[in-house]
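To start, the structure under review is shown below, and the notes come after it.
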Ligand SMILES: Cc1cc2nc3c(=O)[nH]c(=O)nc-3n(C[C@H](O)[C@H](O)[C@H](O)COP(=O)(O)OP(=O)(O)OC[C@H]3O[C@@H](n4cnc5c(N)ncnc54)[C@H](O)[C@@H]3O)c2cc1C
C-alpha cells in the first residue's frame, strides 16, 4: 500500500476536505513552495481521529500548518501529509474570569486568524492582545511561536490551551503553570500536538481605546516593514541577549537590499527577506545561509532562524 492508498480508500470517513499534490505556495505568506502529497482540512474532532489512524496506517510524515506566515517550503514541496488547521475551530467566546472580576477569559478556536480576533476585540473592547496587531498568523500558530513584539508576547496572555496528539489520539489540556515559553519558541508542546483552542486573559476597556491601540500598532508596522511584498516577517531571531538586533547584523554585513534571484533582504527592514515575484525557496535559503556564515566569520555572531522550514533544502 502506498502512503496515500489508506487516505483514498477510507476518504468517506472524513468530513473535511482532502487535496492531493496541493501546491503549498497557495498556503504560505511567501507564496513559495512545491506540492504536498496530501493536504487535509479537518473540520472536527472525528476528523482528527480519522487522520490519526491514517498517519499510523500509512506511516506518513506529517506537518501541522496554521496560516503559513512563518514558513519557507522547499521548491520540491513536502512528501507527506499537511494538516491545515484553518477550518477546525473558528469559535470566539468569553467567560467571566473567576480570579479577576474586572477581566474576562476569552476562548478562541486555534483556526481563528489573529486579524479576525483583533477586529472582534476592537468591537467588544477586549484589551490585552493589541500587541499582536499585524502578526498575520492563526491563534494556534502564535502560541506555538510565542509570537510578539517589543509591546508584548503571547506567553503573557495565554491562560490555557487544548490540543490533540496525533500519535496517541489523546486530547491534552495545558494550564498556565504547565507551559514554558522562550523568545519565539515553546518548550512544552510535543511534536505531535495540534493546538485546537486557546484561552486568553483579557481586560474589558472601551471599544475606542482598543481600536486606537490596534490602529497605532498597524500604522507603525506599515511605516517600518515591507508589507507590500510577500515575506515571513523577521527571518532571524535577535542574537545573544538582545544587545544587537538581527537587522543591525544584516546591515553591518552590507546585505540590506542584496538579492539572489527574486529573493531580497528588504531595503525597508533588512531582517525581512521579501519575495519580489516568483522567488524560489532555494534563493531565500541561500540568502539565509549567506547571512549566517558571514555573521559567524566576520562578527562572531550566531544568527538563528525564526522562520520554520518544510521539505528538503
Ligand atoms: C508580514 C509578517 C509580519 C510578521 N510579524 C511578526 C511579529 O511581529 N512577531 C512575531 O512573533 N511573528 C511575526 N510574523 C511571523 C508569523 O506571523 C508568526 O510566527 C505566527 O505566529 C505564525 O502563525 P501561523 O498560523 O501562520 O503559523 P505557521 O506559519 O503556519 O506555522 C508556524 C509553526 O507553528 C506550527 N503550528 C501552526 N498552527 C499550529 C497548530 N494549530 N497546532 C500545532 N502547531 C501549529 C507549525 O507547525 C509551525 O511549526 C510575521 C510574519 C509576516 C508574514
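The values are calculated or read from the model by the stated rules, or taken from the named source; none is laboratory data. Nothing here was measured: the structure is a model prediction, and the numbers come from that model. Backbone-built Cβ (ideal geometry, glycine too); neighbour counts: all protein chains shown.
Report those strands (runs of 3 or more DSSP E) wholly inside region 216-313 carrying at least 2 residues which are more than 23 Å from residue 82 (Cβ to Cβ) and free of Cβ contacts under 8 Å to residues at least 24 places away in the same chain.
Filter on region 216-313 gives an empty set.
Have a look at 30, 20 and point out the one that is on the phi < 0 side of the Ramachandran plot, touching a residue at least 40 places away in the same chain (Cβ under 8 Å) and not assigned by TED's automatic domain parsing to the domain that holds residue 159.
30
Under 6 Å by Cβ, and 6 or more places apart or on different chains, what pairs join a residue from region 182-199 that is closer than 15 Å to residue 109 by Cβ and not assigned by TED's automatic domain parsing to the domain that holds residue 42 with one that is in a loop (DSSP other than H, G, I, E, B) and near the ligand (Cβ under 9 Å from one of its atoms)?
Hits for this filter: 195/110; 196/110; 197/110.
State all residues of region 83-113 that are within 30 Å of residue 54 (Cα to Cα) and more than 23 Å from the chain's Cα centre (by Cα); if no residue qualifies, say none.
Correct list: empty.
Please go through region 223-264 and give me each residue that is closer than 20 Å to residue 32 by Cα, in contact with a helix residue (DSSP H, G or I) (Cβ under 6 Å, 6 or more places away or on another chain) and away from the ligand (no atom under 15 Å from the Cβ), ordered by number.
260, 261
Quick check on region 270-283. Is at least one of its residues within 13 Å of the ligand (Cβ to nearest atom), under 17 Å from residue 149 (Cβ atoms) and either over 22 Å from the mean Cα position of the chain (by Cα) or at pLDDT 95 or above (or both)?
yes
List the number of the failed condition for residue 66; all other conditions in (1) surrounded by fewer than 18 Cβ atoms within 10 Å (Cβ to Cβ); (2) within 11 Å of the ligand (Cβ to nearest atom); (3) within 30 Å of residue 261 (Cβ to Cβ) hold.
Residue 66 satisfies all of (1) surrounded by fewer than 18 Cβ atoms within 10 Å (Cβ to Cβ); (2) within 11 Å of the ligand (Cβ to nearest atom); (3) within 30 Å of residue 261 (Cβ to Cβ) except (1).
Considering only residues that are away from the ligand (no atom under 16 Å from the Cβ) and assigned to a loop (DSSP other than H, G, I, E, B), look in region 14-54 and name the one that is nearest to residue 74 (Cα to Cα).
The selected residue is 34.
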